[in-house]
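A short write-up of the structure that comes next.
The values are calculated or read from the model by the stated rules, or taken from the named source; none is laboratory data. For clarity, every value in this text was computed on a predicted model and none was experimentally measured. Here the Cβ positions follow ideal geometry from the backbone for every residue, glycine too, while neighbour counts run over all protein chains shown. Remember, those area values only see protein heavy atoms, side chains included, never the ligands or the DNA or RNA. Shrake-Rupley method; radii C 1.70, N 1.55, O 1.52, S 1.80 Å.
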Amino acid sequence: MRKNTLHLKAPGNWLNDPNGFIYYKGKYHLFYQHFPYAPVWGTMHWGHAVSEDLVHWEHQDIALFPTKEYDKNGVFSGSALEKEGRLFLYYSAVRYLETDREDIHRAVKDRYETSQAMLISEDGLHFDNWGAKRQILPVSRDEALAHRTHTRDPKVWREGECYYMALGSTFLEKEGRVLFYRSLDGERWEYASQCRDERLGRIVECPDVFRLGDRDVFLASLMYVGRAQEGYEHLSVCGLAEFDRKTCELTLPGELRLVDYGKDLYAPQTALDEDGRRVMIGWMRMPGAVEGEEKPWNGMMCLPRVVEEKDGHIFFRVHPQADRAFSEKCQESRLLPGDAPCRIRTTLGEGESLDIGGFLIRMEEGCVRTDRSRVFRGFSGAALDCAAPKSPGRCSLDIFVDPNLIEVFINDGEYVISNVVYGLGNHIAGNINEICTENKK
Ligand code: FRU
């Protein structure tokens with residue numbers, strides 16, 4: 001089986017959203033949206049990888065794939081939970097109403113319908129795609145309740161005796177909304193409530209609601225909130241939330257801000273790690289495939305990030321295990337960017353800059369900015385320049401460099417800018433006070 005260290009990458013061909021992220025029977029399982037035939041989006045399967053430490057990933061066989069009339073055109077995103085030792089996987093089941101005759105992996109003009117389904121696995125390693133699937137929520141025929149096409153990505157969790165499900169949806173493809181269902185057994189679901197908010201774009205994807213200390217946090221991926229000229233139209237946001245466990249009413253009292261200011265990150269999902277930390281993993285969108293050792297691949301995950309809240313601000317910090325492993329790997333290899341992972345810790349003041357193999361980071365008017373124009377190989381359709389919000393004073397930067405991804409953690413995760421790159425050079429230069437600790441050793 002193929003292995004990845006630190007960043008999970010498509011094992012060839014295509015990967016998008018993380019799915020069913022869970023710590024189960026002593027191992028992390030990370031499933032993901034996968035098209036196994038070409039490095040492009042197509043009929044969705046759930047790829048599967050397993051890790052003991054969130055660092056060393058071992059790819060497994062494809063876990064979920066279409067077998068039923070209701071999911072014949074795709075096993076879309078979803079989540080996992082453990083119940084009485086078994087692994088419950090929840091997903092959106094897609095059935096096309098009109099298939100593109102020249103590409104059967106696509107529907108014509110979004111003519112498809114979506115229901116919600118689940119598969120129960122006894123051990124997290126065997127998935128009976130014929131016998132263990134069940135449709136749990138039918139296609140909606142009532143727009144007041146849910147949209148027939150764009151209702152998807154069940155995020156399921158348990159609190160006390162109750163199971164909750166959040167679903168991304170839309171009202172008439174004009175207004176994003178999040179639907180909530182409730183269950184006493186994780187199998188039979190009842191509609192409870194829905195949240196509409198004008199800041200939710202036109203369609204909500206991959207909602208996630210979770211408790212952090214005594215606060216609730218909301219993560220979601222919103223369609224048509226960004227400007228195409230500035231990168232992507234669909235962006236992932238986070239915000240503090242109030243979620244009433246009795247009524248399932250969700251309110252978003254504070255601002256919604258980007259999970260990652262690089263804007264490549266999309267469809268993040270969280271789970272609890274073995275120590276009870278809330279860990280987030282997100283898909284890094286890539287405009288073109290990378291030539292792999294065996295096959296071209298497109299799509300990778302960001303480093304696992306611990307979500308924390310302090311004084312009303314949501315932080316995304318590198319998971320301690322990834323933090324440790326990244327440094328060790330850099331020390332072992334003594335490599336520079338372009339070759340293998342490398343890590344740079346430094347601080348940046350107004351007017352100062354840093355050049356990592358052609359990837360530029362600078363501080364201007366109080367904002368950390370990145371510029372990947374020299375290491376993006378002429379791809380279009382993604383932002384070349386990115387900026388984090390203002391942070392007063394000097395910023396500390398913790399920069400994780402992978403040949404195809406640079407993740408810049410500003411002030412220990414106050415803000416993060418992650419950028420996909422291609423063709424990174426192998427030099428480091430700049431007006432910095434502490435050069436590349438790991439590489440110097
Ligand atoms: C988000 C998304 C989900 C959907 C999946 C399909 O990237 O569009 O809403 O379930 O990808 O691959």
Using DSSP loop states and a limit of at most 13 other Cβ atoms within 10 Å to flag chymotrypsin sites (Phe, Trp or Tyr not before Pro), what is the longest stretch of the chain containing no flagged site? 131-378
Qualifying GluC sites (Glu not before Pro) in the stretch 142-175, DSSP loop, other Cβ atoms within 10 Å at most 15: GLU143, GLU161, GLU173
Angle check, please: helix 320-333 long axis (alpha carbons) against the longest principal axis of the chain (alpha carbons), in degrees 0 to 90, nearest 10. 50
Over the chain, with a Gaussian network built from C-alpha contacts below 10 Å, which listed residue (GLU365, GLU274, GLU102) shows the highest mean-square fluctuation? GLU102
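Quick one: length gained pulling GLU58 to SER396 fully straight, 0.36 nm per residue minus the C-alpha distance? Before the final figure, lay out the partial values.
Details: separation 338, 0.36 × 338 = 121.68 nm, distance 3.32 nm.
Net length gain for the segment: 118.4 nm.
How large is the dipole of the chain about the Cα centre if only Lys and Arg carry +1 and Asp and Glu carry -1, each at its Cβ, rounded to the nearest 20 debye? It would help to have the intermediate numbers written out before the result.
Numbers: 56 positive and 69 negative charges, 99 e Å.
Roughly 480 debye, rounded to the nearest 20.
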Of GLY231, GLY42, GLY351, which is the most mobile in a GNM of the chain whose springs link Cα atoms less than 10 angstrom apart? GLY351
Using alpha-carbon positions, the gyration tensor of the stretch 327-436 gives root eigenvalues a ≥ b ≥ c; with a/c under 1.5 called rounded, otherwise prolate if a/b exceeds b/c, else oblate, the class is oblate
Just to confirm my numbers, what's the Cα centroid distance between the stretch 209-234 and the stretch 144-195 in Å? 17
Projected-area average for the stretch 3-321 over all orientations - Cα convex hull basis, square nanometres: 15.6
Counting other Cβ atoms within 10 Å, which trypsin sites (Lys or Arg not before Pro) in the stretch 126-192 have at most 11 and lie in a DSSP loop? ARG141, LYS174, ARG188
In Å, what Rg and Dmax follow from the Cα atoms of the stretch 246-346? 17.0, 55
Assigning unit charges at the beta carbon (Lys, Arg +1; Asp, Glu -1) and nothing else, what dipole magnitude in debye, to the nearest 20, does the stretch 226-358 show about its Cα centre? 140
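Ignoring ligands, DNA and RNA, what percent of the accessible area of the chain is carbon or sulfur (1.4 Å)?
Answer for the chain is 46 percent, counting heavy atoms of protein chains only.
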Whole-Å semi-axes of the stretch 1-159's equivalent ellipsoid (Cα gyration tensor): 26, 20, 13
List the lysines whose Cα sits under 24 Å from the Cα of LYS310, skipping any in the same chain fewer than 8 residues away. LYS263, LYS390
Using a 1.4 Å probe, what is the accessible area per residue for the chain, in Å²? 40
Can you list the lysines whose alpha carbon sits under 21 Å from that of LYS329, skipping same-chain ones fewer than 8 residues off? LYS3, LYS9, LYS440, LYS441
